[in-house]
Every structure is written in C-alpha cells, then in structure tokens.
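Student: After the structure tokens below, expect a handful of questions from me.
What follows is calculated from the coordinates using simple rules that are stated; it is not laboratory data. Here the structure is a predicted model, which is why all the values come from computation and not from measurement. Backbone-built Cβ (ideal geometry, glycine too); neighbour counts: all protein chains shown.
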C-alpha cells in the first residue's frame, strides 16, 4: 500500500450477533440489489428469530449479499458484505494498493465514535432486532483492509467494534475481540507478524498470524491487500426469549481514503450449557476405483450427559465426487453439503451414510465440520477448521482413486471341463483353485472367494480357494437341485474394487456299497426285507433292525404272528402297548416284569396274573402309551404289571374265580373281586360300620362310607333311631338328625354339644335330653338360640355371650347376669326401661319421666298461635339428633376439628310416623332436654334430644309420646332445662320433683314454659309474645349463651360471613339466600338471609333494642343467657 493523501483513515464495524455456516457455490459474486428482507433471510441462523431489518446508512453498492462458492477467496460461502467504498473495493483485480472510493457522506454514530472519534466518513449501518433462544450469541466474520501491510503497528490502526444492547445489560456491549482474548480485531492485532514499512511505534501484537491472510501480491482474487481468516466471537449473559438491538456499522476514520470491508455469514444463538460433540468419518476404502462407487459414513457423537438440538454438519464435497444416495433423506442437501442432524441425545450419536461416485482425479480431499449446535462446545469453533485444525468437530478424508484390473483364475489343477467325480460321503478339500491379481492383491488380502449356483449351498470355499462339502454328500439322498447327484456351481474371486472372475464346475457323486445306518444289516439286505437302510430302527421302537430281524434273514422274527415282522411292528406282542414303551431304558436288557424269561415287549401277559395285558386296560386312549393305563389301587403300578390289582392283599389270579370268561363278583356290586378292594361293600353290607346297611344308607341319603355323615360325633345309626322308615328329626326342620349338623336348631353345631363321650352326651339341665337335642340347654325358659350362643355364626360356641363373666356362657347358665336371681324369674322383663332385659342386666338404672312444652320465638306465628314447620316441609330437618357435632348443630363448621358445644352423644332418631305428623303435631325442630343437679345447676346429670311440635309439645323422636324418659336420674328434685341451636336456653326457677311415670299420679307432671306462671331461672330468660305466650329468645347463633348485634362475638357477623363466604355465592352478594339446615337460620324457614325480606338480622336487632334491661336502646347491648353453661 502506498502512502495515501488523507492520513488517519479507519473503519468501525458494530455487530451484535453472528454465527457461521458453509455452503458450496461458484466464485466470489456480489449482489448490490439486496433488500431488508433478503438480508434478513441471508443472516438469520438457527437458535434465534431476526426481525425489523433497517439499512440506516449507506449508498448503493456499500452493502449487499456475496457468494464465494468454493470458499477460495474469503473462506465463507455466502452472507452479507459491507464496505466503505463500492463493490470494486472488494472484487478483483487487485490493481491498486490504496484503492479508495469517496461516497461524500458523513455521519456521527455514538457507538462508533467511542472507538474512534473520527469514524464518521463513508458510513454504512444496518440495524435489526433478534430474539435468542439461548443465553449466548455468536457471529462469524472476515475483516479486510488496504492498510495491510504498510501500516501495521502504526497510528493508522484500522479497527471495528461489535455492539449489542438489550435486557440484562447496562448500555451497549462491544464483541469485536479475537476469540478467547480481550484483543480488539484491528490491523495492529491481526497481521502477518511483521512491522509495516510505515510503522511508527504504536502498540501492536505480532502473535496472531494464524488469523491473517496476506494478499499484497494479489494472488487471491480480491482488491483487498489483506484480510482475516473466518473468526467466531461470542457474547454471553443474554436472556432467552427477550428482544435485543443489533447494529452492524462500518465507517472510514479520519478521511475517506483506503476502503475497508467486512463479511458476515449468519447470526446464531446457543445455550451455555456445554456439550462435547465429536465428528468422525469412515470410508469403505481410501483407494476407490476411478469411475466406481464409495460408501462414506459420518457420525456425530455426543460425549456429554446433556442432549442438544439443531445440530448441523457441513460436508465439503469437491468437484468430481457425485452423491448417488443418502440414508438421511431430506435431512441431507447434496447441493449445499449441509446435513441437518437435528437432536442428539446425551451420550448418543447420529449417523449418515453417503454413496459417492468417484471421478477421474488422482486425489480428493473431503473436509467436514460441525457448523452449529444449540449448546456450547468448548472443543468446537464452527467455520474455523483452518485456524483450529485439531478440534474434534472436524473430520477429514483424503481419497486417492486408482484404475483397477480384474483378477484371473488359474485352473491348471482341475480336470478340463468334465465333471469332478467323487465317492459319496467324501469329506475334506475336493478342489483347490488359485487366483492372481495384477494390482497386487492376494488371496485373503484383498481377493475374496465365493460360490454361486443352484447347488452352491452344499459346498464351502475358503479364502485360499479350497472347495469342500458343507454337508454329507449321500448318493442315496442327493441334495442337488435335480436330485441326480450332479451338483452345479460357480466359483468366483473378486478384488476389493468388486472386479471379479469366475468359472463353472460340475461335481458328480458316485455310489458306494455300505451299511448306511450302521445297524449291522447291509443296505441291500434291508431293502429285500423291507426295513429302511438309512434308519437303525426302522419302526422306531427302540430296538435296532438287526436285533429284531434275528439271525435268519430269510425268516425275520414275527413274535405275534401278524402280518408285520418285529423290525417293522411297533407292537411286537400285540398287547396294545407300543414296543417302545415296554423295553425300558436299556434295550440290551429289556424289562421282564414277571421274570418268566420273556421280556414285556414280547410277553402277552406281562405280570403273569393269568389275565392278558390287553384285557387289563393298559392304554385308555389307544395311542399305545401306557401313561394312562388303569391302576385300580392307585399304587403307581398299573394293573397290567400288578399281581394284586385292587390292593386287597389277595392275588389277582386267586380272585378271578373258576370261570375264565366271567370274573367273580362276591358282593354283587358289579365290580369283579380282583378289582374290588372291598369284596363285601354291596347293598347288604355295612361298609362304614355305623349300624346301617349300605342299602339303608342309600335310601336315607346318608354316606355308606362315613359312619358319621353329618360329622357331629354321633353314628348315623344312633341318629336314625330304631325305625329307619321314620328317622329322627328333633328340630322338625325336615332334615333328619343323621344329616343335620345342628340337630336341635339352637345355633350350635351338635358336635360342640355332644361332649367327649358320644355314648354319654352332655345334658346340662339333667332333663334326660342331651344338649345337642335340647333347645333350652339350661332350662331357664329362654331358648338356647336366643341367648347369643355364637356371636360369629360359625356354629362354635367359643364366642358365646357370658354376661356375668363366670366362664359359664349364658345358654348354659341358670343365672345369666350373676345377680342371684334365676334367669327364669327375670325372663321377658325390663323393669328399668333401659332396653336391657333384666336377666342380663345386673344393675337397675334409675330413671324419671317428664313432660314439657315450649315455644321458639324465631319460628312462632302469633296469628296462628303455632310455630312454622318449614324445615320439615323442605326436607331439611335431619332424622338423627344434631347436638353431637358442630356441623350437625350449626351447619357450617367441621365437627372433626371442634368439639360440640352441646356435648350430647345420644343416638336419637326420628321415626317416619313422628316425622310425617301434621297439624299441631307437625315438627318444628330438635331441642335438647337436660336434667341439672339441684345443688349445682351448671352440672348436667342427663340429656335427651327430643322434637318440638308446632303447638309447643315436646315429644320422643321415635314414639311421639310426651312422656320423655331420661336414665341415670334418681327420683327426687332436679332442675329441668331446654336448649336449642340458635335460641337461648331456659331452665326451671327451682329444682322440681321428678320420678318415674308410675310414681306420678294421675299423670306425669307437665312443665309448660309457654306459660308465664311457669317460673324460670334468672331474669328475663324468655320473651313474651304479644298474645302473652312465653318463648325462648332467638339469636344465639354461635351458642355463646348470649345474643350480640355488634362487636366481639356478634351473631349477625356470623350470618354475614356465612353468606359472603359460601362457594355458590360467587358474586359475594349480601342478599344471597343460603338454603339448608343452619344455625344462622334464626326464623327456621330453611333460608339464611342477611339482607332483604324475611332476613334473619331484624329479629336479633329487635330483641337487642327492646330488651327490658337495654334502657338506652343501644345496638351494643348484649343479651346474656340465663341457663348456666353445663359441666
């Protein structure tokens, strides 16, 4: 470069995000017509979205798209170019050392001027937005300048910056540094490593020559005097999915002289989570045949525990190599050489196989490189294989094609054209052929032998050309295609380039006289007598043909004299069993069961019991196998081998009888004695010795083989009685005793009542009737079955009820409860009305009766002088008493978390008759009746839930009677109280006399709390209605024994809270109507209403304001209940 007119010219490139990729195109071409859309398409890479491209500064020719097909100029196949001059500042020829083009434009860019104050001339600026998927952005660039080489290490230190701004950063970041360093990409840092002739002592680095290409001689087809190799730079700490601003800017510094240019491939985003990817390649050969084909495979291996995605590999196929096929389908672009690998799993791999056609060049170099992966790889620098040749993301193949000649076969050691004749059963090498190859390959080292043809499978050729049989060549059993013992095949030899030579061969197999099956009989002899010369045992019975034929071939053995000689007869003795199954495990010493010198397979009576084997059912299914032979006595010895078939200690031959055609049957049971283990078990016998003949048991239905059919410990004969025509049936259940496990139907199986001696069965009450036949074992007038003799109903009285725990169960105890009063005297009585019969109730529970009336203010209708019954009418009144849990009583709190404020655990339940009553007897609600201690009214002695009728009567929930029964209360003076879910409770002013109904005359005392003359405990305990009726005060919703309108403990706040918080009131409407059985329903109409007509608030307000003690008519007044809180 010569000294220029204007000193101090420099340029700045500002970029946010770039990542490289490669494709194969033609020579360097510039396209000046690029628009914002085509620029966006060209530089948008994987891992990000690129939008809003704007060309902020620059005149026509200062920017556009380039292509460098074979990367022979700048090393990047295509992308975006920017220049401070015009296209001729880039394009060849290199005919000026100081090429300059002045656009006449000046622009002061803030970011550029931070790097060089005078970077304002010939500007070109392109801006856009990106949205990265990862937290890193990467760019690939080439930087060139006409400053080279003269001004290296001078004040004319042309440089550029790469800037980005966006979320997570303060201001703009500059990424224009050499990879892995903090050195700016400048002329003084990237150079050939030598001082320029115009160096002036400015700081510089001469250690980065690996990044620099010197073109001062003009050998590379570009106007630029020097430029960098492709470099990748990265910015970190991005926020994935956020928008960032990118500005690519270039300008001359100080003056318009000496144009400069920058080239960008594409922008990508990656994730900082690292992976370790390696690219490997293999070829079927490195010396393929010119014009032939070659298989090449590439594998991307992920050696890390993390998966990655969007992987791309670039395969640079030189001219002369043509892709014939690929197993990757559309994932491989044969025009660009790009393989879209896609996802690679952790510790996984992805592969591709290419078939290439080889051209005529003497050498082909095929570099390949991983161009992109979404995750960072510290061992990978995409597009930088020249500066980082040792990285494992690069794979390289060098092919040296050759011209090949086919091998030739030397057949001098075989007969000329005629078949090769060999005797049958010949083994080993039949023929040894040789091959030679002018290209230097030898047998086993390049040359490969193989066999073809219709009969090739019967032979084998090794890699020295030696042909041997692969199967037995049997003349009698030819395996050639035509079954004529002429085997047709072709032997072939091929070199490693698949060039081959072959010759045809016919092999003739000749016959040899032999004993083919080795059974001791010559094949011709076997053919004459009909046996198979290829089977030692023609009939498959386990004996060789020789053994069965015998010594006289003219008269082969025929033991059963049928139409088959033994060697062909599967049942030699015609006993129905195959010979195979009668020989045993040793054919040379066959089984002889009866030791008569005739083995079983030749013996028609194997066990010598006088009965032919075939008559003893040796084979039920007729398949010749005795596995299913009859075995009468089940002793694992079938009858045909058993001398005592029925196992009765008498020999079979002695039980047959005198008639050889009809075996003896002594007991007439149609079972011959030799098969009958019990010769006396006929109809007249008593097989089980139970006192009944077999015929009688058959008629009665008892088991003739079981002396105690029903298993109760008593013999069938004893249970039947003396008259078999009228067998005993003690409990008259139509099941005779001999078949009835519970003879007296008392719930206890007879076997548990008999005792240890069946001859003297247990008789507890000594009434001359044994317990197993006695329906009242202890004679207490209560049937055994009614005294809970068997809780689990399994017939065993081990869990029988024993009320007094004296180890004598009630059904055997004359005094069940141990109260010294005989059960017979207490039967069918319940004197204390506690629903426990007196005979099992050792303690008499005290009780009283009381009659009550009351009115609930909230439900009272003064004109009708009745209370409303809307809870019943709407089906809301619960059938079981509600005072056992908060939820049941209040309706809005979970009782599993909070104890009931009423503390009543009774099981009172409404009967349908009481529930369905009408008129004045119709039901209003449940109330709680309490009996309090006369000396301590806070102490509750007893409680009972009852129901309140519309006219004020309080009745029993089950019976509807006003006579209310309360237990555990002694006759005497006590307080009587009534409590309710949302009304203040009341109590008699003084203890009153209470007693059982029988002690009150003429009837039980009535305590009518609706009348003013019935004195109550405390002052103003009730409220007087207009008609003078006295009523319980409404409003104690939270059962605090008080009624509160405002402030702490407010009952109206409970109503409001329930209304606003109910899930169905999605609009939190204060006028919402909540239906149900809730304590917040003050007027007991089935609805809780906070605001509106018939609301439940007004009655509380009226009670507060009109209470006699609220002389100031204050809303803050609290009505305190007079009923002491119970303990």
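Student: Over the range 847-1042, what is the relative contact order in percent, taking alpha-carbon pairs closer than 8 angstrom and at least six residues apart?
Tutor: It comes to 27 percent, rounded to a whole number.
Student: What does the highest-first list of 984-993, 244-253 look like by mean Cβ count within 10 Å?
Tutor: Listed from highest to lowest mean packing, they are 244-253, 984-993.
Student: Where does the chain land at 222 nm, in deg cm²/dmol rounded to the nearest 500, when only DSSP H runs of n ≥ 4 count, each adding -39500 (n - 2.57), divided by all residues?
Tutor: -1500 deg cm²/dmol
Student: I've got another one for you. How big is the range 639-684 on each of its three principal axes, counting only the C-alpha atoms and giving the largest first in Å?
Tutor: Dimensions of the range 639-684 along the principal axes of its Cα atoms: 32, 22, 13 Å.
Student: Continuing with this model, one more query. From the gyration tensor of the Cα coordinates in the range 537-605, what semi-axes in whole Å does the equivalent ellipsoid have, largest first, with each one equal to sqrt(5λ)?
Tutor: Three semi-axes, in Å: 18, 13, 12.
Student: For an R0 of 56 angstrom, estimate the FRET efficiency from the Cβ-Cβ distance between residue 70 and residue 513 and round to the nearest 0.05.
Tutor: Here the calculated transfer efficiency is 0.10.
Student: What does the extension gain come out to for residue 35 and residue 1019, with contour length at 0.36 nm per residue minus their alpha carbon separation?
Tutor: The residue 35-residue 1019 span can extend by a further 344.3 nm.
Student: Can I ask one more? Jot down the radius of gyration and Dmax of the range 769-928, Cα atoms only, both in angstrom.
Tutor: Spelled out, the Cα radius of gyration and Dmax of the range 769-928 are 23.4, 74 Å.
Student: Residue 210 label point, 7 Å along Cα→Cβ, cut-off 20 Å on backbone N: hits in the range 124-156?
Tutor: Counting only backbone N, you get 139-143.
Student: Considering the Cα positions of the range 277-399, please state its Rg to one decimal place and its Dmax as a whole number of Å.
Tutor: Rg and Dmax of the range 277-399, Cα atoms, are 14.3, 45 Å.
Student: For the range 847-1042, just run the numbers: alpha carbon Rg, then divide by 2.2 N^0.38 Å, N being how many residues it has.
Tutor: The range 847-1042 yields a ratio of 0.97.
Student: Right, here's the next one. Quick check: residue separation of residue 775 and residue 844 times 0.36 nm, minus the Cα distance between them. What number comes out in nm?
Tutor: Length gained, residue 775 through residue 844: 21.9 nm.
Student: Between the alpha-carbon centers of the range 562-625 and the range 33-102, tell me the distance in whole angstrom.
Tutor: Taking the Cα centre of the range 33-102 as reference, the centre of the range 562-625 is 103 Å away.
Student: Counting only C-alpha contacts under 8 Å and six or more residues apart, can you give the relative contact order of the chain as a whole percent?
Tutor: Once divided by the residue count of the chain, the mean separation gives 6 percent.
Student: Okay, which of the range 1081-1114 sit inside 13 Å, backbone N to the point 7 Å along the Cα-Cβ direction of residue 873?
Tutor: Counting only backbone N, you get 1084-1087.
Student: May I pose another question? For the chain, just list the percent of Cα-Cα distances falling in each 10 Å bin from zero outward, please.
Tutor: That works out to 2, 7, 9, 7, 6, 5, 6, 7, 10, 12, 12, 10, 6, 2, 0, 0, in percent per bin.
Student: How compact and how long is the range 409-510, expressed as Rg and Dmax of its alpha-carbon atoms in Å?
Tutor: That works out to 13.9, 46 Å for Rg and Dmax.
Student: Please report 418, 1040 as a ranked list, fewest other C-beta atoms within 10 angstrom at the top and most at the bottom.
Tutor: Final ranking by Cβ density, sparse to dense: 418, 1040.
Student: Please list 273-282, 132-141 highest first by mean number of surrounding beta-carbon atoms within 10 Å per residue.
Tutor: 132-141, 273-282
Student: log10 I(q)/I(0), Debye, Cα-only the range 29-270, no solvent, q = 0.16 Å⁻¹?
Tutor: The Cα Debye sum returns log10 ratios of -1.19.
Student: Can you tell me the FRET efficiency between residue 806 and residue 1114 if r is taken as the Cβ-Cβ distance and R0 is 60 Å, rounded to the nearest 0.05?
Tutor: Computed FRET efficiency for residue 806 and residue 1114: 0.30.
Student: Please report, in cubic angstrom per residue, the volume enclosed by the convex hull of the alpha-carbon atoms of the range 662-803.
Tutor: Enclosed volume per residue, from the Cα hull, is 127 Å³.
Student: Simple spin-label model, 7 Å along Cα-to-Cβ: residue 131 to residue 113 in nm?
Tutor: 3.4
Student: Related question: How high is the relative contact order of the range 277-399? Use alpha-carbon pairs under 8 Å, at least six apart in sequence, and give a whole percent.
Tutor: 35
Student: Taking the Cα-to-Cβ direction at residue 799 and at residue 684 and moving 7 Å from each Cα, how far apart do the two end points lie in nm?
Tutor: 5.2
Student: Can you tell me which of 1001-1007, 622-628 comes out highest on packing, and rank the rest after it, using the mean Cβ neighbours within 10 Å?
Tutor: Descending mean neighbour count gives 622-628, 1001-1007.
Student: Here's something else I'd like to know. Could I have the simple spin-label model distance between residue 330 and residue 361, label points 7 Å from Cα toward Cβ, reported in nm to one decimal?
Tutor: 3.1
Student: Taking a spot 7 Å from the Cα of residue 499 along the direction of its beta carbon, which residues of the range 420-450 have an amide N less than 15 Å from it?
Tutor: 436-442, 446-448
Student: Between residue 832 and residue 861, what's the calculated FRET efficiency when r is the beta-carbon distance and R0 is 56 Å? Round to 0.05.
Tutor: After rounding, the FRET efficiency stands at 0.85.
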